[in-house]
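Please treat every number below as a calculation from the coordinates, not as lab data. All values derive from a computational prediction rather than experimental measurement. Note that each Cβ is placed from the backbone with ideal geometry, even for glycine, and that neighbours are counted across all protein chains shown.
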Amino acid sequence: MTVDVLYIKKVKCPICNSEFSTSKMRTTKVRVDRVDGDFMNHYKSENPLKYQVFVCPKCGYSALENRFNNIRPAEREIIKKEVSSKWKEREYSGPRTEDDAIQCYMLAFYCGQLIGLKNYELGNIALKIGWFFRTKESDEEMRFLQNAVELFEQAFYKEDLLSLSTDEITLGYLIGELHRRLGRKKEAISWFGKTVSNPLVKTNPRIENLAREQWLLAKENENEE
Ligand SMILES: [Zn+2]
């Protein structure tokens, strides 16, 4: 990877107030090769997702960039008590390997659980960990897809999806596709069916097509058994 793919961003930690550097990927350098049914992009270039978690090297507070500063006083105390007090200084400021990225996302998942992130947000972190394992062709992927689908199902029934910038069509489809990848055809078929029969699906032709395609795929595989 050439150096100019990444640039350094200075960040101030909202927990310990120290300033640190983190790498980000230049959006003009991103090249997508193909996309899997669960929206995982495979890149010809470096993977920009690796850099979306900020990790404070001084105190260990970790979160996705878009909610790093979004923390309340009570949550700050929780992070200080549960994370910072046990943290050994280490940093992820430079280029990240898949394993580095997995560690960063695991830290963000742990901090997110402590401060009570929504199930949908935690599910997204788990899904991305699963994707990094897919890149590594590791069976660990399935453990994190399982984790993600459980969190997404909770979110589907309990959370205000529109405020989380998703909707019941997209999330219902994704739940179906994760079940399909986990080998649970009955659940997959049920979620795809629920998605294509929802009147709202007409507002999202891309998801409607995907749901129909993956639904057929799940059914075909069912008949083979
Ligand atoms: Zn900090």
Matching residues in the range 147-164 - criterion: being assigned to a helix (DSSP H, G or I) and surrounded by 17 or more Cβ atoms within 10 Å (Cβ to Cβ): 147, 148, 149, 151, 152, 153, 155, 156
Residues that are more than 16 Å from the ligand (Cβ to nearest atom) and of a type in the set (A, V, I, L, M), drawn from the range 1-48: 1, 3, 5, 6, 8, 25, 30, 32, 35, 40
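Quick one: in the range 101-120, of everything that is small (Gly, Ala, Ser) and under 12 Å from residue 55 (Cα atoms), which residue is surrounded by the fewest Cβ atoms within 10 Å (Cβ to Cβ)?
Let us first name the residues in the range 101-120 that are small (Gly, Ala, Ser), namely 101, 108, 112, 116.
Then keep just the ones that are under 12 Å from residue 55 (Cα atoms); that gives 101, 108.
Numbers: 101: 22, 108: 27.
Among residues in the range 101-120 that are small (Gly, Ala, Ser) and under 12 Å from residue 55 (Cα atoms), the one surrounded by the fewest Cβ atoms within 10 Å (Cβ to Cβ) is 101.
Do any strands (runs of 3 or more DSSP E) lying entirely in the range 1-113 carry at least 2 residues that are among the charged types (D, E, K, R), and which ones are they?
Numbers: elements: 6-12, 19-25, 32-35, 41-43, 53-55, 62-64.
Filter on the range 1-113 gives 6-12, 19-25, 32-35.
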Subset of the range 49-65 that is within 27 Å of residue 172 (Cβ to Cβ) and more than 16 Å from the ligand (Cβ to nearest atom) - its residue that is surrounded by the fewest Cβ atoms within 10 Å (Cβ to Cβ): 49
